[in-house]
Amino acid sequence: MVEADRLDIKSRDIQAATEKAGEYKSLLAGQTVCTVKDAKGQNCAGHVKQWSTAPPDVVAKAAPGNTIHRCQRCWTIYEGPPQEYLHPKIVE
């Protein structure tokens, strides 16, 4: 098995990083898994998904134009651009 480093993220070219942030953690370029460390220092590695049913008070704390994302394992809230890897724009 080959170890993948940050340069091997395939969605990095499609998904931009967070440019402006409010009160939540910012998404990295191509980030799809949680990077929060637990008490033992290990990454959570839960799936980060767009949270379309977030309460209005949570959405209000995010920077304008950002969407809310949440880890499915530890419930950490992230903010960033919509996840474009789901609907990539075709460059002509």
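The values are calculated or read from the model by the stated rules, or taken from the named source; none is laboratory data. Everything numeric here is computed off the predicted structure, so don't read it as measured data. Glycine also receives a Cβ, built like all others from the backbone with ideal geometry; neighbour counts cover every protein chain displayed.
Results, tabulated for the structure shown:
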{"quantity": "Hits in region 72-81 (condition: of a type outside the set (D, E, K, R) and either modelled with pLDDT of 90 or more or in a strand (DSSP E or B) (or both))", "calculated": "GLN72, CYS74, TRP75, THR76, ILE77, TYR78, GLY80"}
{"quantity": "Subset of region 38-66 that is in contact with a strand residue (DSSP E or B) (Cβ under 7 Å, 6 or more places away or on another chain) and polar (S, T, N, Q) - its residue that is surrounded by the most Cβ atoms within 10 Å (Cβ to Cβ)", "calculated": "ASN66"}
{"quantity": "Flag for THR18 being in a loop (DSSP other than H, G, I, E, B) and modelled with pLDDT of 90 or more", "calculated": "no"}
{"quantity": "Top-ranked residue of region 67-79 - restricted to ones that are among the hydrophobic types (A, V, I, L, M, F, W, C) and in contact (Cβ under 8 Å) with a residue 12 or more places away in the chain, ranked as surrounded by the fewest Cβ atoms within 10 Å (Cβ to Cβ)", "calculated": "CYS74"}
{"quantity": "Residue that is farthest from GLU79 (Cα to Cα), among those in region 29-55 that are of a type in the set (S, T, N, Q) and part of a loop (DSSP other than H, G, I, E, B)", "calculated": "GLN42"}
{"quantity": "Residue under evaluation GLU23, criteria (1) part of a loop (DSSP other than H, G, I, E, B); (2) modelled with pLDDT of 75 or more; (3) exposed (fewer than 11 other Cβ atoms within 10 Å of the Cβ); (4) not polar (S, T, N, Q), criterion not met", "calculated": "(3)"}
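The rows are residues; the columns are (1) at negative phi; (2) of a type in the set (Lys, Arg); (3) modelled with pLDDT under 85.
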site: SER11; (1), (2), (3): yes, no, yes
site: ASP38; (1), (2), (3): yes, no, yes
site: GLY41; (1), (2), (3): no, no, no
site: ALA54; (1), (2), (3): yes, no, no
site: VAL59; (1), (2), (3): yes, no, no
site: ARG70; (1), (2), (3): yes, yes, no
